[in-house]
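Heads up, the thing below is written out as structure tokens.
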Amino acid sequence: MNQPFLVHAFPAAAGQPLYWWLVSDDAVQAWGCDVNPLEAAGLRQDQGSDEPVQTIALLPSHLATVQWHERPDDITDLQAQAAAKLAAREASLGGDDVHIVAAMDDGRPVTALIDKSELARGLELLAALGLDPDAVLPSGWIVPPVNEGFSSADLGFDKLLRGDSLIAPDDPALHQLLLGEQPVSPVTGDSFDAMLVGAPERCELDFRSGAFEKRVRRAMAPAQRRKLLALAALLLLVTAVIPLVQLGKYYWAANSANEASMERAAQVLETVESPVQAEQALDARLRAENKGNIQFPVPAAALYSSLQQTPNVSIERLSYGSNGIVSATLTAIQNEDMNPALIAIQDAGFVITATPRTDATGVAKADITVRAP
């Protein structure tokens, strides 16, 4: 089922009954002439409606002037429309007080012109009726032209003629002047309904542009609101589930690590009840076997750390004994250069011995030992 839309007349005065046609399912379902077309058609134009009703207002031919223009060669459609608008403004008597729109019709630029005050006043009158038309068109623009002669249409509020390049009021006094001997084909019956059904496809000359462009409502429809709430709830659920999943992964990884450490500890300990007890038992065993702080990395790290703080001192030899003592030979230009390094090791809490000497080349050396307290 197609969304219904309303075609109605553009008001020229307050309180004026307006002709209207309700179109749905590609057919005119209802029509009439009432002061409030929206109410008469049984429609609502609520701001929060899921499907706001589309409306198209038709301007009487005496309020809007439609004119075709010659198209210069070697220019684009947009350039041709801009040139046509300039020409229409220069030919009008209103100057800047007119609103002009332009379009292309079978390769030729066409313009429509209306007084700005007339357009603004009519839109205010429609707003008072709850109508905010999506498009405001010259009534003759929706009338289909014929291959030969003219077509005529009676919209109730406007009787008009449509030719290949002419839209004018259907005034019998002007027939001889405008028509001559050319035939006139009335648009009636099914053709009339088809003309109204196709109105949304004839919005090229829409006066709702520029300063008169329709303001888009930012209201959220109930269906959109429900969808947004569902997405927000889903986002909160996902946000809550992610850390729970991570926590579970960490818990399982920690259990796996504990089990692996317990298996390794059981290889050297008789009884193992928990990772904490295993760690304590291993520390006690290391202390009992004198393999704690006297292991090579501890005194060696202290030695290298002190040398990093002392320039011009280097290590010539380094060895480690099973008794936990690190032996090394330090070299420097003179013995006094090695004193800051030796003092730094002592300040770190290690026990050292140092025997200074000078080799055959005159380089100062010191044979030292370092052990943990």
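Residue-by-condition table, conditions (1) in contact with a Ser or Thr (Cβ under 7 Å, 6 or more places away or on another chain); (2) hydrophobic (A, V, I, L, M, F, W, C); (3) not in a strand (DSSP E or B):
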position	(1), (2), (3)
96	no, no, yes
100	yes, yes, no
114	no, yes, no
137	no, yes, no
145	yes, no, yes
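Between a residue in region 254-279 that is free of Cβ contacts under 8 Å to residues at least 12 places away in the same chain and any residue that is surrounded by 11 or more Cβ atoms within 10 Å (Cβ to Cβ) and assigned to a helix (DSSP H, G or I), which pairs come within a Cβ distance under 7 Å, given they are 6 or more apart or on different chains?
Within 7 Å, the pairs are 272/262; 272/265; 272/266; 272/278.
Has region 52-75 got at least one residue that is outside any loop (DSSP other than H, G, I, E, B), in the same structural domain as residue 201 (by TED's automatic domain parsing) and of a type in the set (D, E, K, R)?
Our first condition is that a residue be outside any loop (DSSP other than H, G, I, E, B); within region 52-75, this holds for 54-59, 64-68.
Adding the requirement that they be in the same structural domain as residue 201 (by TED's automatic domain parsing) leaves 54-59, 64-68.
Of the ones still in play, those that are also of a type in the set (D, E, K, R) are none.
No, the conditions are met nowhere in region 52-75.
Select, from 164, 170, 193, the only residue that is surrounded by 12 or more Cβ atoms within 10 Å (Cβ to Cβ), among the acidic types (Asp, Glu), closer than 25 Å to residue 106 by Cα and modelled with pLDDT of 90 or more.
Numbers: 164 fails: modelled with pLDDT of 90 or more; 170 fails: modelled with pLDDT of 90 or more.
It is 193.
Of the numbered conditions (1) modelled with pLDDT of 85 or more; (2) in contact with a helix residue (DSSP H, G or I) (Cβ under 8 Å, 6 or more places away or on another chain); (3) part of a helix (DSSP H, G or I), residue 278 fails exactly one; give the number of that condition.
(1)
Among the listed residues 235, 205, identify the single one that is in a helix (DSSP H, G or I) and at pLDDT 85 or above. Spell out how you get there, then give the answer.
Numbers: 205 fails: in a helix (DSSP H, G or I).
Answer to the selection: 235.
Inside region 130-155, can you point out the residues that are aliphatic (A, V, I, L, M) and under 12 Å from residue 10 (Cβ atoms)?
In the first step, residues of region 130-155 are kept if they are aliphatic (A, V, I, L, M); the result is 131, 135-137, 142-143, 146, 153, 155.
Hits for region 130-155 are 131, 135, 136, 137, 155.
State the number of residues belonging to region 50-85 that are surrounded by 14 or more Cβ atoms within 10 Å (Cβ to Cβ), of a type outside the set (Gly, Ala, Ser) and within 21 Å of residue 137 (Cα to Cα).
Residues flagged as surrounded by 14 or more Cβ atoms within 10 Å (Cβ to Cβ), of a type outside the set (Gly, Ala, Ser) and within 21 Å of residue 137 (Cα to Cα) within region 50-85 amount to 16.
Taking residue 288, is it at pLDDT below 75, exposed (fewer than 11 other Cβ atoms within 10 Å of the Cβ) and aliphatic (A, V, I, L, M)? Walk me through how you get there before you give the answer.
Details: at pLDDT below 75: yes; exposed (fewer than 11 other Cβ atoms within 10 Å of the Cβ): yes; aliphatic (A, V, I, L, M): yes.
Yes: the conditions hold for residue 288.
Show the residue pairs meeting these rules: Cβ distance below 6 Å; 6+ apart or different chains; first residue within region 162-175 and touching a residue at least 60 places away in the same chain (Cβ under 8 Å); second residue not aliphatic (A, V, I, L, M) and not in a helix (DSSP H, G or I).
So the pair list comes out as 165/68; 169/61.
Let's see how each residue does on (1) in the same structural domain as residue 268 (by TED's automatic domain parsing); (2) more than 30 Å from residue 268 (Cβ to Cβ); (3) modelled with pLDDT under 85; (4) surrounded by 17 or more Cβ atoms within 10 Å (Cβ to Cβ):
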| position | (1), (2), (3), (4) |
| --- | --- |
| 301 | no, no, yes, no |
| 307 | no, yes, no, yes |
| 328 | no, yes, no, yes |
| 344 | no, yes, no, yes |
| 367 | no, yes, no, no |
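Quick grid of which residues meet (1) in a strand (DSSP E or B); (2) under 22 Å from residue 26 (Cβ atoms):
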residue	(1), (2)
132	no, no
141	no, yes
153	yes, yes
194	no, yes
200	no, yes
243	no, no
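Return yes or no: is residue 182 assigned by TED's automatic domain parsing to the domain that holds residue 108, out of contact with any strand residue (DSSP E or B) (no Cβ under 9 Å at 6 or more places or on another chain), surrounded by fewer than 16 Cβ atoms within 10 Å (Cβ to Cβ) and polar (S, T, N, Q)? Step through it out loud before you land on a result.
Working: assigned by TED's automatic domain parsing to the domain that holds residue 108: yes; out of contact with any strand residue (DSSP E or B) (no Cβ under 9 Å at 6 or more places or on another chain): no; surrounded by fewer than 16 Cβ atoms within 10 Å (Cβ to Cβ): yes; polar (S, T, N, Q): yes.
Against the criterion (assigned by TED's automatic domain parsing to the domain that holds residue 108, out of contact with any strand residue (DSSP E or B) (no Cβ under 9 Å at 6 or more places or on another chain), surrounded by fewer than 16 Cβ atoms within 10 Å (Cβ to Cβ) and polar (S, T, N, Q)), residue 182 does not qualify.
One residue is enough: does region 188-209 have a residue meeting the conditions in the same structural domain as residue 62 (by TED's automatic domain parsing), farther than 17 Å from residue 141 by Cα and over 45 Å from the mean Cα position of the chain (by Cα)?
Yes, because at least one residue in region 188-209 is in the same structural domain as residue 62 (by TED's automatic domain parsing), farther than 17 Å from residue 141 by Cα and over 45 Å from the mean Cα position of the chain (by Cα).
The values are calculated or read from the model by the stated rules, or taken from the named source; none is laboratory data. These numbers come from a predicted model, not from an experiment. Quick reminder, even Gly has a Cβ in these numbers, built from the backbone with ideal geometry, and neighbours come from all protein chains shown.
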